[in-house]
Amino acid sequence: MANLLCIGAGYVGGPTMAVIAQKCPEHRVVVVDIDGAKIAAWQSDRLPIYEPGLKEVVLSCRDKNLFFSREVERHIAEADIIFVSVNTPTKTFGQGAGKAADLQYWEKTARLILQHSRTPKIVVEKSTLPVRTAEAMERILHSDDRDLPFDVVSNPEFLSEGTAIRDMENPDRVLIGARDTPSGQKAMQAIVDIYAHWVPRERIITTNLWSSELSKLVANAFLAQRISSINSISALCEKTGADIQEIAHAIGLDSRIGPRFLNASVAFGGSCFKKDILNLVYLCEHYGLSEVARYWDQVVRMNEYQQARFHSCILSSLFNTVAGKRIAVFGAAFKANTSDTRESPALHVCRALVEERAEVVLTDPYALDNARIVLGEDARRVIFEPDPYAAAANAHAIAILTEWTLFAHLDYQAIYRSMAKPAFIFDGRNILDHRGLFSMGFNVQAIGKPPLIHSAR
Ligand code: UDX
Ligand code: UDX
């Protein structure tokens, strides 16, 4: 039996450790967080995050071998293996502001581990970090006179929100990086042994520390780059009459390209893509690789362009004024099946519409509470409406910003009747039947598609 601890009970720490606890019943798993309210929620019936299948996993092992606690110090002292998944947001101040990762929580956590440790420990980097962070971690952990044996291992998460439990249970691969020393290799084996409880051994990849740290940034950069690439072509489609979904299908059948991550959209969001690419850009600049930095920076610029294009399209289609017009925004989450609204393109579009003095009504099945928090001051100028039918009533336009299945199956005939005319739909996710909507009377603008606009009678 080993005592596993995770510091940081967020979107990554919570689901990851719940699955580890379920798959490794002989280990004791504790998840701690400095946020007492979050821990209380993990202990309650209303978990702090919505993630399909998560509740079942948590309930199957909570208070058996999975525990949530605020007592960070005590559990550090007891742990054999400590996973660190505290947040590493983009720095907002000083050198590297707007690009570099803010490592203050990381460093604090490293110092806390050192201060409360009495026995040797393996420290696992779960958070996404700049390459060579493990070196800094090691220096802090070995900075006092006791020189306790600590091994730092990198084990980046690749789980995607909305499918986090499935991704953990059946990962494409698990990546573990460690030092090429006897104790580094022993530590790596200890982490391999945890995953080997349910992951086939050939899918557990081991590398050196720096490859593991950098692979995480590169995986996210490549995924985001595919979205920016297809989104760039969506702009060309709108000018030429080509259809982005037909193109994605045609190119995706080439096995060298593959079909996934080719859905053109209003933009990519979420806590990782933008942050990780900016971090990569900063690293490249740091090492004097300005051409490489500029190449990756363009992925983020293209994403911003796509977002801006979407709300400009709403404005120009609605006769260049939305002031006082009710606009129903369908979706607040950055993608379907999550309550997460971090970097959500939906909220960006809401803000742009509020700025134009539109009456914005936001609807989402799970993400309205988070949207209210993220919108801050602007939330006062937005109506939050859980019922999409009520949101759309009397609206001049509907903008689809999250690809919830629910939005694809609404009674759009009834919705059309309840709306102001001419009624518009802007499909930022290409989930609706555009021809069908057009024949009901809607004017339809979708990403990367020829517009379907009724001519003036
Ligand atoms: C975070 C990072 O954003 C991501 O880069 C990394 O890959 C994994 O960790 P996520 O789990 O989505 O992802 O973040 P978040 O939901 O904000 O959770 C982090 C948690 O750490 C928060 O609950 C926060 O309260 C906690 N925390 C932060 C601590 O417990 N101690 C600290 O010192 C700082
Ligand atoms: C991502 C990575 O996929 C995951 O491996 C990593 O650990 C964390 O970051 P996540 O941000 O949860 O996961 O979601 P993801 O499914 O990657 O989607 C990110 C954004 O891209 C969403 O806004 C999504 O709507 C958008 N997207 C995705 C598209 O616009 N088109 C696509 O084809 C795919």
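Please treat every number below as a calculation from the coordinates, not as lab data. Keep in mind that what you see is a predicted model, and the values were worked out from it rather than measured. Quick reminder, even Gly has a Cβ in these numbers, built from the backbone with ideal geometry, and neighbours come from all protein chains shown.
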Task: Asn170-Ser316 FRET efficiency (beta carbon distance; Förster radius 51 Å; 0.05 resolution) - done: 0.70
Task: Ranked packing of 36-46, 308-318, most packed first, by mean Cβ within 10 Å - done: 308-318, 36-46
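Around Ala446, with a cut-off of 13 angstrom between Cβ atoms, what is the net charge of the other residues, counting Lys and Arg +1 and Asp and Glu -1?
Working: positive: Arg309, Arg429, Arg435, Lys449; negative: Glu238, Asp243, Glu246, Glu403, Asp427, Asp433.
Around Ala446, the surrounding residues sum to -2.
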TODO: Specify the inter-centroid distance of region 333-354 and region 95-117, based on alpha-carbon positions, in whole Å.
DONE: 28 Å
TODO: Mind pulling the angle between the C-alpha long axis of helix 104-116 and the longest principal axis of the chain? Nearest 10 degrees, somewhere in 0 to 90.
DONE: 30 degrees
TODO: Output the relative contact order of the chain, whole-number percent, from Cα pairs under 8 angstrom with separation of 6+ residues.
DONE: 12 percent
Task: Tilt relative to the chain, helix 209-240 - C-alpha long axis, 0 to 90 degrees, to 10 - done: 10 degrees
Task: Proximal lysines to Lys421, defined as alpha-carbon separation beneath 21 angstrom and excluding residues fewer than eight positions away on the same chain - done: Lys325
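Can you compute the helix-only [θ] at 222 nm over the chain? Use -39500 (n - 2.57) per DSSP H run of at least 4 residues, normalise by all residues, nearest 500 deg cm²/dmol. The partial results should precede the final answer.
Values: 18 runs with 201 residues, N = 457.
Computed mean residue ellipticity for the chain: -13500 deg cm²/dmol.
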- [ ] For region 383-443 and region 23-69, write down the distance between their C-alpha centroids in whole Å.
- [x] 38 Å
Open item on the list: Taking the beta-carbon count within 10 Å as an exposure proxy, list Phe319, Phe424, Phe83 from fewest neighbours to most.
Closed with: Phe319, Phe424, Phe83
Task: Sequence-distant residues sharing a close amide H with Glu359 (under 5 Å, placed H) - done: Gly324, Lys325, Arg326, Ile327
Open item on the list: Quick check on my link table: of Lys38/Lys274; Lys99/Lys335; Lys23/Lys126; Lys64/Lys91, which ones sit more than 29 Å apart, alpha carbon to alpha carbon?
Closed with: Lys64/Lys91
- [ ] Find how many whole Å separate the alpha carbon centroid of region 233-285 from the alpha carbon centroid of region 181-224.
- [x] 27 Å
Task: Sequence-distant residues sharing a close amide H with Thr207 (under 5 Å, placed H) - done: Ile176, Gly177, Ala178
- [ ] Would you mind checking which residues have amide H under 5 Å from Val124's amide H? H placed 1.01 Å from N; only 5 or more apart, or other chain.
- [x] Ile82, Phe83, Val84, Val153
- [ ] Convert each backbone phi in region 182-189 into a coupling constant with the Karplus relation 6.51 cos²θ - 1.76 cosθ + 1.60 (shift: θ = phi - 60°), then list the ³J(HN,Hα) values in order as whole Hz, x for Gly and Pro.
- [x] x, 6, x, 5, 5, 5, 4, 4
Open item on the list: Through the Karplus equation 6.51 cos²θ - 1.76 cosθ + 1.60, θ set to phi - 60°, convert the phi angles of region 45-60 into ³J(HN,Hα) values in whole Hz; use x for Gly and Pro.
Closed with: 7, 10, 5, x, 10, 9, 8, x, x, 5, 4, 4, 5, 4, 5, 6
